[in-house]
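Here's the structure we're looking at; comments come further down.
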Amino acid sequence: MDDFRFVSREELKKAAELSDLVFRGEGQTSMAAKFPGIFSGSFMSSPGVFEDGQLVAFAGLVPGFIQIGAASVPIFSLGSVCTHPEYRGKGYANAILQRVFDHIDRSGGSLLLVSGTRHLYIRQGCHTFGSVRSYLLSAENEAVRNAAAGPAFVREAEEQDWFGLQRLAENREVRFNRSLYELATLVRAEAISDIYKLKQKIYVAETDGRLLAYAVIAVRKELKTDAVPLVIEWGGAPEAALQAITWAIAANGISELMLPVPWHETEMIEALGNSAYLETPNPGTVKIINPVRLWLQIHPYLQQKSPEAVNGVEVHYAAPGGETVLTVNGTAVHLNDKELISLFFDTDPQLELPAASREQLKELFPVPLPYASGLNFV
């Protein structure tokens, strides 16, 4: 390949044009406006391939932190992976992924969230993970009818609500760590809403002027689309958030609204009662870049969850592409990339484990991760 390097701030306009060529359709705004983490120039960790000075392949890579209880874990999110149609079949995407993995490891990151599930990612050690219940709500739903009678006052969010929105977002036990500025930037970008040709609104539930919950919701607009309106993110008390969602259904004349709920959001699951849902993995794929480092980074959460179970468990890693070895009270458990991801993040990992090790590891895993297609989607 002619030139393979990280894309400079000045070249990000060309990167956005390439991404628009591959991913944007009629009536959609440029990726440059919708994905500021990639295209604002704040980070220059996105690799590209140049031929004769022209950018022909690109991947957007954005660093960040996720909070899991007491653990703060440095991660990267990967999206907008694209190659110009005239330059495909040359192995550029694979080469870019290798550069991405190396950069994350050198940066001290341990996890990579990928927005896609293509075989390109699977063969490089990225795999589906976790469990999300997607509820399809309507005005006739029992939980919706019950929530409509809630005590809070619901309205659309206004400019004076930013401090309250940020506090509610920060109170989520499992979340992307964001500043107030980042929250506002991602809300204004409307990335997920634009993908589905929807428009975004924020509703808040309050009592005596105090915000109890919020819900960021994508609803239909004038542009024709068959996409189902959906909840992008919610925060605060689950019952109050559900009341805000219920109010949005009525206010926008929504016949069906999708509400994704990760497995660890047990209070919201309880509030939804017997509502029907479809269970799928968390959107996209994940790759554990450095298992030993990840183990150390999530240790505060595991210690908080079960100090007894975490004692006696160690993680050893041979080499990239090799097996990870867990020792549980001296018993060695050998896991490949897919098995390790399943153990760490799946609610029902399909693994052959010694009985004693299985019971102890069940006290620690799965580790919850935030919903991957919310405001922080890349």
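The values are calculated or read from the model by the stated rules, or taken from the named source; none is laboratory data. Owing to the predicted nature of the structure, the values given are computational and were not obtained by experimental measurement. Using ideal geometry, Cβ is built from the backbone for each residue, glycine included, and neighbour counts are taken over all protein chains shown. Surface accessibility is based on the protein's heavy atoms, side chains included, excluding ligands, DNA and RNA. Shrake-Rupley method; radii C 1.70, N 1.55, O 1.52, S 1.80 Å.
Odds and ends about this structure:
- Semi-axis lengths, largest first, of the ellipsoid equivalent to the range 181-325 are 36, 20, 15 Å, with √(5λ) applied to each eigenvalue of the Cα gyration tensor.
- Residues LYS287, LYS199, sorted by accessible area with the largest first, give LYS199, LYS287 [1.4 Å probe; ligands and nucleic acids excluded].
- Per-residue SASA entry for PHE65, accessible area with 1.4 Å probe, Å² rounded to 10: 100 Å²
- Normalising by residue count, the range 238-317 has a Cα convex hull of 158 Å³ per residue.
- Summed over all non-identical Cα pairs, the Kirkwood treatment of the range 16-172 gives a radius of 19.1 Å.
- Solvent accessible area, Å² - HIS316, 1.4 Å probe, full protein context: 80 Å²
- Charged side chains reduced to their Cβ positions (Lys and Arg at +1, Asp and Glu at -1) give the range 41-160 a dipole of some 440 debye around its Cα centre.
- Residue (of ALA147, LEU78, THR280) at the positive-pole extreme of the chain, dipole from beta-carbon charges: LEU78
- In the range 196-302, GluC sites (Glu not before Pro) in a DSSP loop with at most 11 other beta-carbon atoms within 10 Å: GLU222
- If you wrap the Cα atoms of the range 13-106 in a convex hull and average its projected area over all directions, you get 7.4 nm².
- Cβ-placed point charges (K, R +1; D, E -1), dipole of the chain about Cα centre in debye, nearest 20: 540 debye
- Selection among SER357, SER342, SER306 by position relative to the dipole of the range 304-372 gives SER306 as farthest towards the positive end (Cβ unit charges, Cα centre).
- Whole-number D in µm²/s for the range 1-68 (Stokes-Einstein; Kirkwood sum over Cα pairs; 37 °C, 0.692 mPa s): 261 µm²/s
- Long-range amide H partners of VAL261 with built H, under 5 Å: ARG133, SER134, TYR135
- Residue-by-residue Karplus 3J(HN,Hα) for the range 258-265, coefficients 6.51, -1.76, 1.60, Hz, glycine and proline x: 8, 10, x, 10, x, 4, 7, 7
- Radius of gyration and Dmax over the Cα atoms of the chain, both given in Å: 21.5, 64
- Highest average packing first - 151-163, 185-197, Cβ atoms within 10 Å: 185-197, 151-163
- Charge dipole (the chain, unit charges on Cβ, about Cα centre) - positive-most of SER107, VAL228, ILE38: ILE38
- Over the range 70-127, the hull volume per residue, using the convex hull of the C-alpha atoms, is 92 Å³.
- Of the GluC sites (Glu not before Pro) in the range 300-378, the ones in a loop by DSSP (not H, G, I, E or B) with at most 11 other beta carbons within 10 Å are GLU352.
- Simple label model, 7 Å out from Cα along Cβ direction - ASN329 to PHE163, nm: 5.2 nm
- All distinct Cα pairs of the range 268-378 go into the 1/r average, and the inverse of that average, the Kirkwood radius, is 15.5 Å.
- Nearest-0.05 FRET efficiency for GLU267 and LEU180, computed from C-beta distance (R0 22 Å): 0.30
- Normalised by the number of residues in the range 45-144, the mean separation of alpha-carbon contacts (under 8 Å, six or more apart) gives a relative contact order of 22 percent.
- Alpha-carbon Rg/Rh ratio, for the range 305-354, with Rh computed the Kirkwood way: 0.96
- Filtered trypsin sites (Lys or Arg not before Pro), the range 215-283: DSSP coil and at most 16 other beta carbons within 10 Å: LYS221, LYS224
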